[in-house]
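Novice: I'd like to ask some things about the structure below.
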Amino acid sequence: MVDLDSEVPPLPPRYRFRDLLLGDQGWQSDDRVQVEFYMNENTFKERLKLFFIKNQRSSLRIRLFNFSLKLLSCFLYIVRVLLDDPTQGLGCKELNRSCSSQNYTPGTIDWSPIIWVNRSLPLWGLQVSVAVISLFETLLLSYLSYKGNIWEQILRIPFLLEIINAVPFIITIFWPVLRNLFIPVFLNCWLAKHALENMINDLHRAIQRTQSAMFNQVLILISTLLCLIFTCICGIQHLERAGNRLTLFDSLYFCIVTFSTVGFGDVTPKIWPSKLLVVIMICVALVVLPIQFEQLAYLWMERQKSGGNYSRYRAQTEKHVVLCVSSLKIDLLMDFLNEFYAHPRLQDYYVVILCPTEMDAQVRRVLQIPMWSQRVIYLQGSALKDQDLLRAKMDNAEACFILSSRCEVDRTAADHQTILRAWAVKDFAPNCPLYVQILKPENKFHIKFADHVVCEEEFKYAMLALNCICPATSTLITLLVHTSRGHTAPWEAFRQLTGTKQTLNRESQQSPEQWQKMYGRCSGNEVYHINLEESTFFAEYEGKSFTYASFHAHKKFGVCLIGVRKEDNKNILLNPGPRYIMSSTDICFYINITKEENSAFKKQEKHRKNHESKLSYHGASRLPVHSIIASMGTVAIDLQDTGCRGASGATLALPAQGGREGRRPSIAPVLEVADSSSLPTCDLLSDQSEDETTPSDEEGSAGFEYAKGYPPYSPYIGSSPTFCHLLHEKVPFCCLRLDKGCQHNYYEDAKAYGFKNKLIIVAAETAGNGLYNFIVPLRAYYRPKKELNPIVLLLDNPPDMHFLDAICWFPMVYYMVGSIDNLDDLLRCGVTFAANMVVVDKESTMSAEEDYMADAKTIVNVQTLFRLFSSLSIITELTHPANMRFMQFRAKDCYSLALSKLEKKEREKGSNLAFMFRLPFAAGRVFSISMLDTLLYQSFVKDYMISITRLLLGLDTTPGSGFLCSMKITEEDLWIRTYARLYQKLCSSTGDIPIGVYRTESQKLTTSESQISISVEDWEDTKDTKEQFSSRGNHRNSTSSDQSDHPLLRRKSMQWARRLSRRAPRHSAKTAEKINQQRMNLYRRSERQELAELVKNRMKHLGLSPAGYGTAIQYFSSNICMVQDEMNDHQNTLSYILINPSPDTRLELNDIVYLIRPDPLTYVPNAGPSRKNSFCNTVGQDTREETQL
């Protein structure tokens, strides 16, 4: 075997130290050729050029030395002037003798003081030395920069000035007679200016830092002005040696007075050379300075557009965040600033806006307001350029918010831009936290590295879906994620808060409406967090069950505990249920007016309990006036009732009465630690088996069997898996088409399917991947199978195959190609027997020439739907929240006008949620995705808000975490009386946590409004209607609400017409008004009949049965007055949300309670016969069957 070590050759000679010194002598016989590169740089000229010109640092030193020489020469000239005396001789003995013998006349000029000066020998030696060095350096640099044209080098102004100032001194070395010859050394100031400019440029290159052009231009302007003044001073002083013999200070005074256009005239030139110099200098100043000022002004304007730079010193000493947007609109800017600066600890932060477009006029005006001008910095630039990121000091930023442009026609392209910006920021500043807003869910996985991501379409469709089963979920979430700022009421002065959020008491207290006070006060609730062991609210419940802690914290402090997070786990659990035991290291999440750190605790003495209601509560609803914590009354707990409701009872069973008849029913206590007897016996997973064991005839004929599992196909990457109701086999694509039959079925409209439950119709432009998130919450496993509503997608464009693959596994999901503009399409998709219709904003209309006109088509179409189908519950998405005032618009409705004035006042006061009192928003009938922009902003302070919102909307499912649902209060449930007793009943029986109430009530007029409306209603109806109206004895106005429709609009139009008619002469007032009133009623009936006949004829033409629309036709033909009164009662209602109301809030009929229900998969059902669990069901709108308490 060959030894491998012997095969290894020795090191070549070139790698030995001796050969490095002596050269490569051992390799001369080698065939290889040594090639040396860049031989041209080894020449002497190239080495000098590298040192003097190319190398930044050495070139900077050379230019600094040159600049110092020029300044030294100017300084020596001033020293020579100060030491010179024209009366002591001319410097040349021969010339002195000849000149002294001449007799000068007054009109002649003595040129000898101008040509000759007195220069001492040491000063001459210094000046000669400086001149020689300067000339040598100038010649050397000219030689090194020579490019083949010698005249170009010689005729340069700096070269000529150098020759004029240096060559005469060199001549005096060889001709001593000329040592006192005047040489204009002061012109070296222009050479110093030129050297300064070159030195600044080299300085920027040497330190690798780009200074702004504004700085360079200002430096050039100042140096030019100084050189002009210095040249004029020295020139006037020297020429006036033959005249007034001015000193340097006199020349300075004269130049300043002259250039400032003051011209006192006390110092003036006497001889014509000095006068000529003044004229020349003024002309030069008039030409040079305006050019410099023009360039400076241009740069200033450009800087105003681009925004300049964010100071490095400020970035190191102050905190700032960067906002990256494609285009900055005033609404987006104000939403961000109001939400960001609503938090007290962010008041000292700076906001740097990085936008590639020029700042528009509205944004410019806002940023000039002192409140924002000191804290907001606008930079025009791109996030894809490191230079612009460096200007924004992205590496020092506390956070970077990257927002998408939702008004773009191509939303996919807008997402691509957002993704590139996120990548660029992450590459430039890896440690900067990223808060990214994305539009389409399929693009979300590209930015998984971001700290916080909000996908617009995910949240939008999930929220719209929950609106169909939990009324006004969109309003609930919007209020929870907004930070509202207001002023506390006068009687709350002793409870002043400094927390991150204050209630909108300024809105609510200024309003005379009781519902506005309650709604405005409760809208101030927000989600906060605190460690259990550090909390006064929850520390005493360590080792207790979660439901026990939630109930008693609400009873004692008025806070609503909704979730926890373990110290060693990042997942948040919403209502983990009674089995969860609180630990000292748990992070508690609760809903309250303010966080605990900013709350004041005041113990109430026992002897004041009798007066508690008088001091703390106000109004018929008994909602407490206080905005923070108060001690609440007790709840009787002496009877046990922990059983779950059976199939026969859809309400909470009324406990048996014992003892006195007047004693109020009692509720079982909430146990500290749950045992098997206190746990609910309801098992949601048994819902399928229950339905299968006792099927109805319709269910048996349908033959559909559902399973529960995870959807086998997702339309995009990154969707959270959700346990859902699924079909055992996927439906063929042809069967998903609602309006066309196939070989499997022959149905061509929604009526033919014979659905048991009412439809949910979604009108959208395209079947985007986000629409998948609308279906999943409505088919979640905890929704009872018997209450699943059929879903019909009314699409403008046919869906693609990938989307159909995703939805074909879900039961009762169909699509139809059509538009809400077409009445035939609406009738085919079953609008006449639909429970809800969701109108999604179309992407093609999101951008318009006039921004707020983007919603015009949607608003008009929805208004038409209200007129044609008055009982239909419509949920509308708008692009701009400000346009919600046009929903259910009535020009002459006094109440709507009053709300409009209230909104304008609050907007002027700076409220960022001024539209909250608009009835469509309060009732949850209108929604804008821009309202959720604040969710991303608020996550900077509360990093858990996105996770909690996703859990509430069902976008994420965490094992052990609960879900959002709702229940309705019926007459049988009113025995429970108060919200606190309801809280206790739910916690002790099912473990549910209530978080709010959705209340619908009849609207009563205020004094000022009733005077107007009653005067109108006196002439509104016929004599019979008047009698009915007087017998009622209760006046109502035409308040806009979520139930409003066509008849009320016509009624208000008639009122307006009658008010105009009453302005005519009243010679026959009663007769004329009675005739006009009858005509109006006929006209009103004819228009209603016309709309009804239109719908009826179209249904007949399409082969549809008008049975579902028959009640309306019967109403038009017979019982007009009776149905009109009924509809007016239905429309004179308003709905609003009470988030975390007081424990003593009275429950009212038809209240819908928002619940966070524990995850049913965490419970093991008790042995025993299966029972139907209607209590565990969720509810929908008023128009369909709802689960009751």
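Novice: Pulled fully out, how much extra length does the chain show between Arg1146 and Ser68, if you take 0.36 nm times their separation in residues and subtract their Cα-Cα distance?
Specialist: Contour length minus the Cα-Cα distance gives 379.4 nm.
Novice: If you count only protein heavy atoms with a 1.4 Å probe, what accessible area per residue comes out for the range 755-862, rounded to a whole Å²?
Specialist: 29 Å²
Novice: Turning to a different aspect of this structure: Taking all protein chains together and a probe of 1.4 Å, list Asp586, Asp451, Asp1144 from the most accessible to the least accessible.
Specialist: The most accessible residue leads, giving Asp451, Asp1144, Asp586.
Novice: How would the range 248-399 be classified by its alpha-carbon gyration tensor: rounded, prolate or oblate, with rounded meaning a/c under 1.5 and the a/b versus b/c comparison settling the rest?
Specialist: Verdict is prolate for the range 248-399.
Novice: With every protein chain left in place, what is the accessible area of Ser870 in Å² (1.4 Å probe, nearest 10)?
Specialist: 40 Å²
Novice: Under a plain spin-label model, where a point goes 7 Å from the Cα along Cα-to-Cβ, how far apart in nm are Asp360 and Thr268?
Specialist: 6.1 nm
Novice: Which value in Å is the Kirkwood Rh of the range 365-438 over different Cα pairs?
Specialist: 13.5 Å
Novice: Given a Förster distance of 30 Å, report the FRET efficiency between Tyr852 and His728 from their Cβ-Cβ distance, rounded to the nearest 0.05.
Specialist: Calculated transfer efficiency: 0.05.
Novice: Leaving out ligands, DNA and RNA, and with a 1.4 Å probe, what % of the accessible surface on the range 707-767 is carbon or sulfur?
Specialist: 52 percent
Novice: Compute the Cα gyration tensor for the range 744-822, then decide on rounded, prolate or oblate, letting a ≥ b ≥ c be the square roots of its eigenvalues: rounded whenever a/c is under 1.5, prolate when a/b is larger than b/c in the other cases, and oblate in all that remain.
Specialist: oblate
Novice: Further question: What figure in square angstrom, to the nearest 10, would you give for the accessible area of Val262 with a 1.4 Å probe?
Specialist: For Val262, the solvent-accessible surface is approximately 80 Å².
Novice: If Lys and Arg each add +1 and Asp and Glu each add -1, what is the summed charge of the other residues whose beta carbon sits under 12 Å from the beta carbon of Glu318?
Specialist: Result for the neighbourhood of Glu318: +3.
Novice: Could you tell me the largest-minus-smallest coordinate of the C-alpha atoms of the range 134-250 on each of the three principal axes, in descending order and whole angstroms?
Specialist: Result for the range 134-250: principal-axis Cα extents of 51, 37, 23 Å.
Novice: Just to be sure I follow: if Rg is taken over the C-alpha atoms of the range 533-597 and Rh is the Kirkwood radius over the same atoms, what is Rg/Rh?
Specialist: A ratio of 0.92.
Novice: Further question: How long is the gain from Glu197 to Thr412 if the chain were fully straight, where each residue apart is worth 0.36 nm and the alpha carbon distance is subtracted?
Specialist: 72.6 nm
Novice: Another question, if that's okay. State which entries of Lys54/Lys147; Lys556/Lys904; Lys555/Lys786; Lys385/Lys942; Lys708/Lys758 exceed 27 angstrom in Cα-Cα distance in the structure shown.
Specialist: Beyond 27 Å between Cα atoms: Lys556/Lys904; Lys555/Lys786; Lys385/Lys942.
Novice: Label-point separation (nm) for Ser260 and Lys570, each offset 7 Å from Cα along Cα-to-Cβ?
Specialist: Here the modelled spin labels are 6.8 nm apart.
Novice: Sticking with the crude label model, points 7 Å out along Cα→Cβ, report the distance from Tyr710 to Trp175 in nm, one decimal please.
Specialist: Calculated label separation equals 10.1 nm.
Novice: Just to be sure I understand: if I project the alpha-carbon convex hull of the range 219-318 onto a plane and average over all orientations, what area do I get in nm²?
Specialist: 8.8 nm²
Novice: Decide, for the range 922-968, between rounded, prolate and oblate: order the square roots of the alpha carbon gyration tensor eigenvalues as a ≥ b ≥ c, take rounded if a/c falls under 1.5, and otherwise choose prolate if a/b is larger than b/c, else oblate.
Specialist: Taking the square roots of the gyration eigenvalues as a ≥ b ≥ c, the range 922-968 is oblate.
Novice: Further question: Tell me, in nm to one decimal, what length is gained between Ile291 and Glu318 on full extension, where the rule is 0.36 nm per residue of separation less the Cα-Cα distance?
Specialist: 5.9 nm
Novice: Calculate what fraction, in whole %, of the accessible area of the range 395-446 sits on carbon and sulfur atoms when a 1.4 Å probe is rolled over the protein chains.
Specialist: That fraction is 52 percent.
Novice: Name the residues whose placed amide hydrogens come within less than 5 Å of the amide hydrogen of Ile875, ignoring near sequence neighbours (fewer than 5 apart) on the same chain.
Specialist: Excluding prolines and chain starts, which carry no amide H, the hits are Met837, Val838, Val839.
Novice: Let me ask something additional. What value does the range 306-369 have for Rg/Rh, both radii from Cα atoms and Rh as Kirkwood defines it?
Specialist: Reported Rg/Rh (Cα atoms, Kirkwood Rh): 0.96.
Novice: Can you work out ³J(HN,Hα) from phi for every residue in the range 292-299, in order, using Karplus 6.51 cos²θ - 1.76 cosθ + 1.60 and θ = phi - 60°, giving whole Hz and x for Gly and Pro?
Specialist: Values, residue by residue: 5, 5, 5, 5, 5, 5, 5, 5 Hz.
Novice: If you roll a 1.4 Å probe over the range 307-350 with all protein chains in place, what percent of the accessible area is carbon or sulfur?
Specialist: 44 percent
Novice: With 20 Å as the cut-off, how large is the P(r) tail for the range 750-902, expressed as percent of Cα-Cα pairs?
Specialist: 54 percent
Novice: With all protein chains present, calculate the accessible area of Tyr77 using a 1.4 Å probe and round the result to the nearest 10 Å².
Specialist: For Tyr77, the solvent-accessible surface is approximately 0 Å².
Novice: Would you mind getting the accessible area per residue of the range 954-1007, heavy atoms of the protein chains only, 1.4 Å probe, in Å²?
Specialist: Per residue, the range 954-1007 has an accessible area of 24 Å².
The values are calculated or read from the model by the stated rules, or taken from the named source; none is laboratory data. Note that the structure is a prediction, hence the values are computed from the model and not measured. Note that each Cβ is placed from the backbone with ideal geometry, even for glycine, and that neighbours are counted across all protein chains shown. We work out accessible area using only protein heavy atoms, side chains counted, and drop any ligands, DNA or RNA first. Shrake-Rupley method; radii C 1.70, N 1.55, O 1.52, S 1.80 Å.
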